[in-house]
Amino acid sequence: GDSSVALQAQEEIIEMKDVFSVKLKRRRFAGQQKGGTLLGITIFKCLNKEENKLTDCAIHLNNLSEDHCQSWFRHLKEILNGFQNRPKSLKVFVNPSSHKREATNIYYEKVAPLFKLADIKTDVTVTEYEGHALSVLKECELQAFDGVVCVGGDGSISEVAHGLLLRAQIDAGKDTEYVSKPVRAPVPLGVIPAGTTNILAHTLYGIKHAVTAALHIVMGHIQAVDVCTFSTPSKLLRFGFSAMFGFGARTLALAERHRWMPSSQRKDFAFIKTLADLRPEECELSFLPLQIPQEDTDEKDRITLLYLGSKDQWQKIQGHFLNVSIMAIPCLCSMAPRGLAPNTRLNNGSMALIVVQNTSRTEFIKHLKRYTTAKNQFNFPFVETYTVQEVKVQPRLKSGPDAKESVCLSAEGNYPWNIDGDLMKEASEVHVRVHPQLIDLYGVNTDDLESSQVTCNCI
């Protein structure tokens, strides 16, 4: 600047690990696409805001020398290219039907500009029907991409995760009907929240914020996550992260039958109607408690883990249950800031089995209300929690006059399951197993988040 003007120097340090793009800065006339007067370079940085929110900011470095700017630009690009986990090419799935049909706008207005700024090439598929992403994943050349991104709700994201893992089995020459030891997903999965509850996004980022999610992907923040297999004795049903049987599944089944209603009204109606018709399911639960060698656990893990019985000894519970939850991740959301399963983590190789036994409607509502508060939602005599490796759920078919009144059975005699927000119906026993760190997701561990949404132990 002009040396006659006294300016107070202010030094700012920028760490390259926080930078995701560098561009030459030029002044162009309206309509001019190329060329223009060189002004310097602009560095784009990922900035941490309050409440786990990320945003981008631009820092302008002014220099009119073409040689100097090109030299800085070239060297900074070399440094950025050295960060290994940052994607250069992404396969993107957008579900235009998610929630308020806003996924398309969210992607093209908030996410795509950031991908373009970071020089990430994208191949976008706007899904047209349920199962579309799954069919594309089975056929596309995944080796051409560094990651896969889904813009949608929990059901859409679960479908893409299932497709990625199913593709991994196919590529490895493994049986896809019965999967005992699954192969890890070949590329990471990115989650852009555009649904109603957005459990996976809240669990990964602590917040529902499309820009934050996009920046985690751009910056290459990778988090290994446990995945469950849901199987019958004869076939694999689904790869997933969490499931509910009983109240949670019947609520979803009723909501699906009222698709003509707006999303929020449909879910509220289904919740209230299912609560009004509250009734338990008779079933047998078998589970294998988590077994971890004592020398492999630190003090924090010893507090978290629940040891039951001797090694390889299955436990059994029979009775009437209002709800059964099986979750490999904490399942945070805006309605349950501490998580639906705060006694598990993203990658500790265990599942939380939460059993709500038959009780009065009043007591059950008290239990549900606890999820929205900081109080322990499991501190009721009719709620039991276990830390497990495997679970088998065997429903008992009803007989007599009560069978006609049951709303849980479909015409084919199948029981509804809520698996990651997707409705599945199955008549026979369902076997759930957890597989440690089976997939990488773009995001961070919720144990490391700064907000009060860090998961707590409630055993």
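The values are calculated or read from the model by the stated rules, or taken from the named source; none is laboratory data. Owing to the predicted nature of the structure, the values given are computational and were not obtained by experimental measurement. All Cβ positions, even for glycine, are placed from backbone atoms using ideal geometry, and neighbour counts span all protein chains on display. Quick note on the areas: whole protein, heavy atoms, side chains included, nothing else; ligands and nucleic acids left out. Shrake-Rupley method; radii C 1.70, N 1.55, O 1.52, S 1.80 Å.
Overview of values
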{"quantity": "Normalised contact order of segment 16-82, rounded percent, pairs of Cα under 8 Å and 6 or more residues apart", "calculated": "32 percent"}
{"quantity": "Cα gyration tensor, segment 78-145 - rounded (a/c under 1.5), prolate or oblate", "calculated": "oblate"}
{"quantity": "Heavy-atom accessible surface of segment 16-82: percent carbon and sulfur, 1.4 Å", "calculated": "52 percent"}
{"quantity": "Given the chain, longest segment not containing exposed loop trypsin sites (Lys or Arg not before Pro) (DSSP; at most 14 other Cβ within 10 Å)", "calculated": "102-234"}
{"quantity": "Entries of Lys91/Lys138; Lys23/Lys88; Lys316/Lys369; Lys273/Lys369 with Cα pairs more than 19 Å apart", "calculated": "Lys316/Lys369"}
{"quantity": "Per residue accessible area of the chain, 1.4 Å probe, in Å²", "calculated": "48 Å²"}
{"quantity": "Rh by Kirkwood over Cα pairs, then Stokes-Einstein D for the chain at 1.306 mPa s and 10 °C, µm²/s", "calculated": "66 µm²/s"}
{"quantity": "Sum of -39500 (n - 2.57) over DSSP H runs of 4+, divided by residues of the chain (222 nm, nearest 500)", "calculated": "-7000 deg cm²/dmol"}
{"quantity": "Computed log₁₀ I(q)/I(0) - Debye formula, equal Cα scatterers, no solvent, segment 29-144, q 0.09, 0.12, 0.13, 0.19 Å⁻¹", "calculated": "-0.40, -0.68, -0.78, -1.21"}
{"quantity": "Dipole in debye (nearest 20) - the chain, about Cα centre, beta carbon charges: Lys, Arg +1; Asp, Glu -1", "calculated": "1000 debye"}
{"quantity": "Per DSSP, loop chymotrypsin sites (Phe, Trp or Tyr not before Pro) in segment 55-158 with at most 14 further Cβ within 10 Å", "calculated": "Phe83, Tyr129"}
{"quantity": "Sites excluded, GluC sites (Glu not before Pro) in DSSP loops with at most 11 other C-beta within 10 Å, longest stretch of the chain", "calculated": "178-411"}
{"quantity": "Global form of segment 16-82, assessed from the alpha-carbon gyration tensor, a/c cut-off 1.5", "calculated": "oblate"}
{"quantity": "Partners for Lys208 among lysines (Cα-Cα distance below 18 Å; same-chain residues under 8 apart left out)", "calculated": "Lys49, Lys53, Lys100, Lys110"}
{"quantity": "Estimated dipole of segment 16-82 in Debye, rounded to 20 [Cβ of Lys and Arg +1, of Asp and Glu -1, Cα centre]", "calculated": "260 debye"}
